[in-house]
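The values are calculated or read from the model by the stated rules, or taken from the named source; none is laboratory data. What you see is a predicted model; the values in this text were computed from it and never measured. Cβ placement follows ideal geometry from the backbone for every residue including glycine, while neighbour counts extend to all protein chains displayed.
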Amino acid sequence: MTRRRASIVIICVWLISGAISILPIHLGWWRSSDPTAQACYDDPTCCDFITNKYFAIMSSAMSFYIPLIIMIFVYNRVLKEAEHQAKLIIQQDKQLGLNGQNLQDQPKNLMVSISEKRALKTLSLVMGVFIICWLPFFIAHPLKVLCDFCIPNPLFMFFNWLGYINSTFNPFLYSRNPEFMAAYKNFLFCRKGPSLQN
């Protein structure tokens, strides 16, 4: 991916995220007309985020379920491409071995394959932990506004904090991959790493 394309993707992700979350909050589209909710809004000590059912359903769909479907689709494509590349490398190594040519390239191909497997394992862990941490909340959030007594408040708060805790896991999960670890070190110690293509 080129630097320009990566920049465009990152900007689009931030703009969409802002449109989904910041805009509805500032315009008050999330507010409920329920008396309990109104009392909470007027009470500075109340930290409960009580929303109306339309906002709960739409925000859950747009900020979790739709991105999750896209992530699973993209991840599936990445897995298929990785399998295809691994088969090509194996076939190429066998062919070169039979011909007795470029045997010095085999260790390099093996290192590329190992690096790709590590990256896939890291990606799998990140996605798995993300789903485990956030899925309970995004099931509970729409349910709670439709049926308040179905989800006890302590359980709902636990699901909410479980989602937030996901962010603390990410640095540890990413640091399992040497390439990410090198990027962390470059960032923390203000060193220049290898740049993307222009």
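What number of residues within region 1-60 satisfy the criterion of being within 19 Å of residue 160 (Cβ to Cβ), hydrophobic (A, V, I, L, M, F, W, C) and within 26 Å of the chain's Cα centre (by Cα)?
Looking only at that region, the number is 10.
Identify all residues within region 43-57 that are over 15 Å from residue 30 (Cβ atoms) and of a type in the set (Asp, Glu); write none if there are none.
43
Among (1) within 23 Å of residue 128 (Cα to Cα); (2) out of contact with any Lys or Arg (no Cβ under 9 Å at 6 or more places or on another chain); (3) surrounded by 11 or more Cβ atoms within 10 Å (Cβ to Cβ), which single condition is residue 14 missing?
Only one criterion is unmet by residue 14, namely (3).
Restricting attention to region 25-83, and to residues there that are of a type in the set (S, T, N, Q) and free of Cβ contacts under 8 Å to residues at least 12 places away in the same chain, which single residue is farthest from residue 154 (Cα to Cα)?
Across region 25-83, the extreme among qualifying residues is 76.
Go through (1) touching a helix residue (DSSP H, G or I) at 6+ places or on another chain (Cβ under 8 Å); (2) modelled with pLDDT under 90; (3) in a helix (DSSP H, G or I) and name the single condition residue 74 misses.
Of everything listed in (1) touching a helix residue (DSSP H, G or I) at 6+ places or on another chain (Cβ under 8 Å); (2) modelled with pLDDT under 90; (3) in a helix (DSSP H, G or I), residue 74 misses just condition (1).
Being closer than 30 Å to residue 123 by Cα and either surrounded by fewer than 17 Cβ atoms within 10 Å (Cβ to Cβ) or modelled with pLDDT of 95 or more (or both) is the filter here; which residues of region 144-158 pass it?
Result: 155, 157, 158.
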